[in-house]
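The values are calculated or read from the model by the stated rules, or taken from the named source; none is laboratory data. All values derive from a computational prediction rather than experimental measurement. Cβ: placed from backbone, ideal geometry, glycine included. Neighbour counts: every protein chain shown. Accessible surface is based on the protein model in full, side chains and every heavy atom, while ligands, DNA and RNA are left aside. Shrake-Rupley method; radii C 1.70, N 1.55, O 1.52, S 1.80 Å.
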Amino acid sequence: MVSGVVTGTDQALVGVSVQVKGTKAGTTTDAVGHFSIQVANPANAVLIFSYLDYDAQEVSVLGRNTLNVTLKEISKELQPIVVVGYGTQRKVNLTGSVTTLDTKDLLTRPITQTSQALQGKMSGVTVTQNFGLPGSDGGTIRVRGIGTLGNASPLVLIDGVEGAINDINPNDIENLSVLKDAASASIYGSRAANGVILITTKRGRKSSEPMSVTYNGMVAWQSPTDLPKTVDGATWLVIKNESERNTGRPNLYTQAFIDNYRNNVGTEPNFNTDWFDLVVKKSAPEQLHNLTIRGGSEKMSALVSLSALDQKALIDRSDFRRLSLRFNTNFQATTRLAFSMDGFLSKEDANRPNLNGGISELFRMVTELPNFYPGVWADGTLGEGWNGANPHAVINKGGRQKSVFSRVQLNLRGTYSVFDWLKFEVAYAPKFLSTVADASILAYPYKRIDGSMGTYPAGNNSLASSNNNTTENFYQGLVRFNKSFKKHTTSVLLGAEYLTNRNDNFSATRQNFLFPNYLVLSSGDANFQTNGGGASEWALASYFGRVNYSFDNKYLLEANLRYDGSSRFAPNKRWGMFPSFSAGWRISEEPFFKGIKQVSSLKFRGSWGQLGNQDIGNYPYLGVVSINQPYFFGGNVAQGAAQTTLPNADVTWETTTILNGGVDFGLFNNKITGSFDMYIKNTKDILYKRDIPAIIGLDPSEQNIAEVKNTGWDLQISWRDNSKNFRYGIDAVLSDVQNKVINLNGKPQYGLNVIFEGAEYQAFYGYEAIGIFRSTDDLAKYPRLNTNVKVGDLIYKDQNGDGKIDETNDKKIIGSNVPRYNYGATFNFGFKGWDLSVFFQGVGKKDLYYAARQAAYGGTYYTYQLNRFIFDDPSTVQSSTWPRIAAGTSNDENNSFFLYNAAFLRCKNLTVSYTLSPSLLKRIKLSSLRFYASGTNLFTQDKLAINTIDPEAPSSVNSSNYYPNTKTVSFGLDLRF
Amino acid sequence: MNRIIKLLPLFLILLFACNKNLDRFPLDKPSNETFYSTEDEIVAAVNACYNYIATRFEYPNAPSCFSEDMYTDILSARYSRSAFFPFKLGTLNAASDLPKLIWTHCYAGINRTNSLLENMFKAESKSTPATFKRVRSEARVLRAICYIELIQKFGDVPLVTKFLSTDESLTIVRTKKSDVLQFIYKELDESMADLPAKYTATKDRGRLTKGAALAMKARIALYNADWVVAKTSAKACIDLGVYKMYSSYRNLFTYLGQNNDEIIIDYQFMQTQRENAWHAFNGTRNTNGTAMSFPSEDMVASFECTDGKTIDQSPLYDPTNPFVNRDPRLAGAVMLPRVWDGTTIKTPGVIFGGFEFMTSKELLTAAGSTTVLASSLSEREKTVIKLGTTSSVANQEVTNAFAARTGYCTYKYMDSTNIPIPNNNYQNFILCRYAELLLIYAEASMEAGQIDQSVLDAINTVRARAYGNTNASGVTNINATNYPKVTSTDPTELRKIVRRERKVELCFEGFRLEDLKRWGLLSKALSGRIVYGRSDNYTKLAATDKPVFDIDGLVIFPYATQKYGLNNEQPKLRFYETYGTIPATFRLLPIPLGEIQLNSKLTQNPGY
């Protein structure tokens, strides 16, 4: 009889297989890692200890009765662990399509919102960032194209609880993986159709490791990327006159006036205000500090992480601050009973100028205001801007918008291991979110060009306060079963979940604050008070299960099933079933493969499964009467009631079916690793508010009508090597997806972005501009949209050749709204303590519709319009590249002239870091110390014809009303005691 | 161990048991299946229908019909974001916003009224019979109002009288305009009996009355040349004896004139709760307005002289001092600028918000010179003195390039109360008033060939009010005698008079476009139309510089292109803009493109 204890790196191992070599006799270790086994020939016997994720070990008994063994963990570099639904898996055993984020460089880039970290780093994951406002600068994430016509954002689970990607402090992330195919995601059933992002957070350490205190901090400076360049004041006057003449009006400014302006520009009141210069700062600082304490004992371990972000905006008096605290604790009550208690508390303060239309409107003003208008007078008085709306004045003297978003999120979990192979788990995770917001409107005085004074906005000052609270309760129960018999390994998971969500909100306003320094509701005038409020709730119940089976670590099988019920559907349409199956073959483990030395590992995977989507309004199946439709009789409020939406009792789940095939490979002793996946993702019964005839008189509600297909591939490849002191590596991702609306039940949607059967979702739709009418001959030669089209206007192609241009027959799909060929590549070089990382990111094919010329209705003109057609300037007749400038003409129709190639390559990040050598550290009594400098969005290569806008700018028909992306330079250090 | 294994199913059952409750219902909205079953519910339902008494999609948040005049010969606008803008450019097409906005609005109103009318039987036993009947009639009249708008704008339209299913909506066809018209007549006729002639309670002011139903019938009959129906309906409404002319033409459109006896239908506003930005939109530059719309010289010229003659005929008209001896409604509707020669004030401008209205740009330049005389500017019209102060401030009506471009502003609906709150006006907008009814009576009678004294009386009642003795708080004598009475019974003459009377009495209230359409003048009046403004220097006009009125009462300015000045560079009239080519087919709007794309059974109107 031989007995003993098997331990791993820091604890006893449960369920280690112990086998007498050459016999069938075997046992497993118990809950404290103890084993005992009968051995026939103690002197010569050899015991084999094998355990998942550990190197198997052979130990000769040599006649001993007690044998304590320590197993060595398989290096994580070689055997990465991947977070999958409700657990983890070794990457080699994965049969689904999962991509993981290298979390190492999360802290050296100035990432203020976690979504930014994913851009260009994960194959099949497209992140678009086109709004740089602190607090709102997260990216839009799309996993494998757009599979729904509604909200296409992936489900995000943080330690198993639904959250938002930007809810998490990047510093707390231990693992982040994206489940891309149905096999890996279908365990999340009805919410997984757009992909699933799983995040696990860092936890405390076992007693075997020393307690650690880590500080990570950085300071950074943001500066704006491109915004459109406006023309100077004199040019504006000239073009404005031109525009007036082109719309049948006389000159607005006399030549004498323009000459006078031109000769005296710069001396008041001949302003030439560069609004961009006046309003947008050259640089704005941000700082980020993280403090992490990790430690623990046999019975308890804990992590406490504190993080503070202070990010100033590119405009004055505007910032975003976030303070967050996470504590993750583990308690080992008995050997079989364990608890964990995690908490996440955060508070986000955003502080901005308040104006109708938000910060976008402010930037619209910056890019639309003519330079001719005064910004600030020499004596410091504010200029008039646009009828008093002066962005500089709004920022510095106008009303404020303040919001405080608070969150308390708990995750309580208990685990009971009945046997080594059977575990019960229960969890309760409540979440409380609250937003308290104040928006005030305060008037400021300004001086006009003529010297007279005015105030803006006219009317009473006012304050609107609102409060929005969400409570979410999440309950979970899991049963886990894991067992290996010889070459068979099985695991089974069963679970149930229940989620309820309730939102309550109210808002109130008052006007006429006699004491504007005391901006709280009750100091306003009660004669001008209004208020409102609302509440809504929804619930989701789920049952699910998973079976994994592998034989000899070569043949891998997995099946998932989820059964979800949502309160959003009528009782008979409520429940949906989402199955998936997948299989893998590690061909490199086959004996016949052993001879191929170059290939260190090779695995083929295949999967099929279904996912659902329920993300629509809360009560789309119910016909309800809104009792908030008042009318006003004789100065009295009369309550009014009316149905406003057409309900659809038949509304039910969207179903996405994904067929995925992939291969994982490692070459040259795993120096080169990678994976390639191809998939077909088909979504049916897409919930979509189709255009219903307005004649019905109600707003449409969702119907299960559409079908969209995404076909694509993802490639991820890494190369790592080192020689002596020199380390280098490349990580590259490239993916493509083609989108097609298969079926729309025959009801296309029209507009600039159309939804047509057989076309890409939201493709750009309009006339095809084939030139400019340069002569009256041209006018005769080409059909015109109407008789008011004149020389200098755009020529639209007569698609059906019927000799006239009409809406129905001559518009066509002119471009794509879905970026293709998303790629990213990170190059790492290391030499001794130095590390250099360069990260490029880009999009290979992308269209941008940018028709901000309509800004010229009342606003300025842009340098890209300078080479325009001028009716009375013959030199422009042939050479002009822009049509004549006139508001309201046929040039304003959606057409391909305003469609640009926005493919780009961007140096997303460059980081240089230096890590101090251990010998030096010992002297200064630190565990580790690293300094780094980093630049984000450093330079961009694109082919935009309008080269003054950012290629990631949102498509626009009106104006460039977006906060620009930012370029950031940062310096930081990483310090561990 | 066995015990634990036995616990396993129990554990799972426990988990599964807690998941039953997935019933979640709206916390703030009742179900439509049980609604419309009490008196309170049907009253609330009809209240909500009143939001569809007029479209309100244009920027100032006033009824959108008020924007229509801005795209005709009487008013012009520099507001290029208006849904009506493509209309005057001649670029209107089926994809334009305008038809869609009107169509969507009307059918949403029709759905609301249909839902109520179809379901309100559930409330009959639980309601006071009078209230029940009144609500039913209010809903039917509101629905008729939506149909009136629809047939006027689109001609033939689908006639929907019940809650429409999606399937039905995809195949419904247009009903002939004449059939919809008969439906409107029937609805209005059947509703009248149950509507009160007048509401006594303040909280009911603005509800539809018997008179409203009659007036709507008279109007739509007139619009469709159904002269006898128009005449008899108008007569019946007049005979109710409920309505009378309000004492002051000017005050009728201000806070002073709210809910007076001339008003038959209006759109009600309420401070803080529902406001509009009429002043910010149309107000003068000096008074927190942006002067987005401005009367044309055509409009100003159309007001007669006090002798009842048009200005081309009247000896009282002096082109160098054009605003004296004119129909008082000119000063009531149009904000008139100061007339002066640079030294002597001939007629002061309107004093509004403490500022005298002065818009002459001509006097900014030295005679014959194109150079701006900076020093003289501050002395002259570039400054304005606010009443009660001594120092002068810059006169933005002149210095701002975006001030009223014709040199006039609208005065109707301008109330100085709104100056400090330009975006928060709350005066009601009149959709139908007694004066219109009298003019309908007159025009219908005249067209029906039934000209008698009652016709002249109707016209003269409208004219008399204008000439009443006005004082600050209104007028004591609305039956003025010292005004130019209409006496002609010659049909051709009377037609001219009635049409001119509508043009001046109802100006800027949203009637001009409909009138031009039904008089067959749309294309003639608007296509390629040149909008003129005031003369910048009245002293440069000759006594013969008078407009000509063509056979249709449209104004022609023979001297508009004549110039004066040392180098003959100044036109005698300001030129504001030229309209695009407006085909006669614009008389009907296109059926919205989206509707046709969804329902191929809908035909398109000609010309689109």
(message) If the requirement is being assigned to a helix (DSSP H, G or I), under 30 Å from the mean Cα position of the chain (by Cα) and more than 30 Å from B:E168 (Cβ to Cβ), which of these qualifies: B:S523, B:S535?
(response) B:S523
(message) Would you confirm, using the coordinates I've provided, whether B:I74 is touching a Cys at 6+ places or on another chain (Cβ under 7 Å), closer than 30 Å to B:F303 by Cα and surrounded by 21 or more Cβ atoms within 10 Å (Cβ to Cβ)?
(response) yes
(message) Here is a check on your reading of the model: is A:I293 part of a loop (DSSP other than H, G, I, E, B) and of a type in the set (V, I, T)?
(response) no
(message) Which residue is nearest to B:W103 (Cα to Cα), if the candidates are limited to region B:47-60 and must be open to solvent by less than 20 Å² (accessible area, probe 1.4 Å) and touching a strand residue (DSSP E or B) at 6+ places or on another chain (Cβ under 9 Å)?
(response) B:A54
(message) Tell me yes or no: at least one residue of region A:438-460 is among the basic types (K, R) and crowded, with 18+ Cβ neighbours inside 10 Å.
(response) yes
(request) Answer yes if at least one residue in region A:676-699 is at pLDDT 85 or above and aromatic (F, W, Y), and no otherwise. (result) yes
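Identify, from the list B:R81, B:R134, B:R112, B:R56, the residue that is facing another protein chain (nearest Cβ under 10 Å) and either touching a residue at least 60 places away in the same chain (Cβ under 8 Å) or of a type in the set (G, A, S) (or both).
B:R112
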(request) Find all pairs meeting these conditions: Cβ atoms under 7 angstrom apart; at least six residues apart or on different chains; first residue within region B:571-587 and facing chain A (nearest Cβ under 8 Å); second residue surrounded by fewer than 21 Cβ atoms within 10 Å (Cβ to Cβ) and of a type in the set (A, V, I, L, M). (result) B:F575/B:I530; B:T578/B:I530
(request) Could you list, in sequence order, all residues of region B:247-262 that are under 20 Å from A:A638 (Cα atoms) and not in a loop (DSSP other than H, G, I, E, B)? (result) none
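Might you check whether a residue that is touching a His at 6+ places or on another chain (Cβ under 7 Å) and open to solvent by 40 Å² or more (accessible area, probe 1.4 Å) occurs anywhere in region A:16-39? Can you show your working first?
Filtering region A:16-39 for residues touching a His at 6+ places or on another chain (Cβ under 7 Å) gives none.
Looking for residues that are touching a His at 6+ places or on another chain (Cβ under 7 Å) and open to solvent by 40 Å² or more (accessible area, probe 1.4 Å), one finds none in region A:16-39, hence no.
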(request) Would you tally the residues in region A:197-236 being over 26 Å from A:K281 (Cβ atoms) and not in a helix (DSSP H, G or I)? (result) 20
(message) Just the residues that are buried (at least 22 other Cβ atoms within 10 Å of the Cβ), among the polar types (S, T, N, Q), within 14 Å of chain A (Cβ to nearest Cβ) and not in a helix (DSSP H, G or I), please, taken from region B:263-299.
(response) B:Q268, B:N276, B:T284, B:N288, B:T290, B:S296
(request) Take the residues in region B:203-251 that are in contact with a Pro (Cβ under 8 Å, 6 or more places away or on another chain) and away from every other protein chain (no Cβ under 14 Å), then tell me which one is surrounded by the most Cβ atoms within 10 Å (Cβ to Cβ). (result) B:Y249
(request) Please find, among B:G553, B:G580, B:G510, B:G594, the residue that is part of a helix (DSSP H, G or I) and either open to solvent by 10 Å² or more (accessible area, probe 1.4 Å) or not acidic (D, E) (or both). (result) B:G594
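Quick one: in region B:526-535, which of the residues that are open to solvent by 10 Å² or more (accessible area, probe 1.4 Å) and touching a residue at least 60 places away in the same chain (Cβ under 8 Å) is farthest from B:F85 (Cα to Cα)?
Result: B:Y532.
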(request) Just need a number here: residues in region A:898-945 that are open to solvent by less than 80 Å² (accessible area, probe 1.4 Å), farther than 21 Å from A:L107 by Cα and among the β-branched types (V, I, T). (result) 1
(request) Only residues that are in a helix (DSSP H, G or I) and either aliphatic (A, V, I, L, M) or in contact (Cβ under 8 Å) with a residue 40 or more places away in the chain (or both): list them for region B:388-430, please. (result) B:Q396, B:E397, B:V398, B:S416, B:T417, B:N418
(request) Kindly indicate which of A:A535, A:A638 is touching a helix residue (DSSP H, G or I) at 6+ places or on another chain (Cβ under 7 Å) and within 7 Å of another protein chain (Cβ to nearest Cβ). (result) A:A638
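Condition check ((1) modelled with pLDDT of 95 or more; (2) of a type in the set (S, T, Y); (3) open to solvent by less than 20 Å² (accessible area, probe 1.4 Å); (4) touching a Ser or Thr at 6+ places or on another chain (Cβ under 6 Å)) across all residues:
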site: B:I311; (1), (2), (3), (4): yes, no, yes, no
site: B:M335; (1), (2), (3), (4): yes, no, yes, no
site: B:R338; (1), (2), (3), (4): no, no, no, no
site: B:T343; (1), (2), (3), (4): no, yes, no, no
site: B:T347; (1), (2), (3), (4): no, yes, no, no
site: B:I351; (1), (2), (3), (4): no, no, no, no
site: B:K361; (1), (2), (3), (4): no, no, no, no
site: B:T365; (1), (2), (3), (4): no, yes, no, no
site: B:G368; (1), (2), (3), (4): no, no, yes, no
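Of the residues B:L101, B:L116, B:L92, only one is out of contact with any strand residue (DSSP E or B) (no Cβ under 8 Å at 6 or more places or on another chain), assigned to a helix (DSSP H, G or I) and closer than 30 Å to A:V789 by Cβ; which? Break it down stepwise before answering.
Values: B:L116 fails: closer than 30 Å to A:V789 by Cβ; B:L92 fails: assigned to a helix (DSSP H, G or I).
Answer to the selection: B:L101.
On the given criteria, is B:E41 in a helix (DSSP H, G or I), out of contact with any strand residue (DSSP E or B) (no Cβ under 9 Å at 6 or more places or on another chain) and open to solvent by 10 Å² or more (accessible area, probe 1.4 Å)?
yes
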(request) Specify the residue that is surrounded by the most Cβ atoms within 10 Å (Cβ to Cβ); the eligible residues are those in region A:692-729 that are among the aliphatic types (A, V, I, L, M) and without any contact (Cβ under 8 Å) to a residue 24 or more places away in the chain. (result) A:I695
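Residues are listed down the side, and each one gets a yes or a no for (1) under 27 Å from B:A95 (Cβ atoms); (2) of a type in the set (A, V, I, L, M, F, W, C); (3) modelled with pLDDT under 90:
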| site | (1), (2), (3) |
| --- | --- |
| A:Y864 | yes, no, yes |
| A:N867 | no, no, no |
| A:D873 | no, no, yes |
| A:T889 | yes, no, yes |
| A:N895 | yes, no, no |
| A:R906 | no, no, no |
| A:T915 | no, no, yes |
| A:R923 | no, no, yes |
| A:F931 | no, yes, no |
(request) Among the residues of region A:681-691, count how many are more than 14 Å from every other protein chain (Cβ to nearest Cβ) and either among the basic types (K, R) or open to solvent by 10 Å² or more (accessible area, probe 1.4 Å) (or both). (result) 4
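What number of residues in region B:59-78 are within 22 Å of B:F549 (Cβ to Cβ), touching a Gly at 6+ places or on another chain (Cβ under 9 Å) and more than 14 Å from chain A (Cβ to nearest Cβ)?
Total satisfying the criteria: 1.
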(request) Give the number of residues within region A:538-558 that are more than 14 Å from A:G495 (Cα to Cα) and more than 10 Å from every other protein chain (Cβ to nearest Cβ). (result) 11
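For (1) aliphatic (A, V, I, L, M); (2) open to solvent by less than 60 Å² (accessible area, probe 1.4 Å); (3) part of a helix (DSSP H, G or I), each residue gets a yes or a no:
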{"site": "A:V238", "(1), (2), (3)": "yes, yes, yes"}
{"site": "A:G248", "(1), (2), (3)": "no, yes, no"}
{"site": "A:L252", "(1), (2), (3)": "yes, yes, no"}
{"site": "A:G266", "(1), (2), (3)": "no, no, no"}
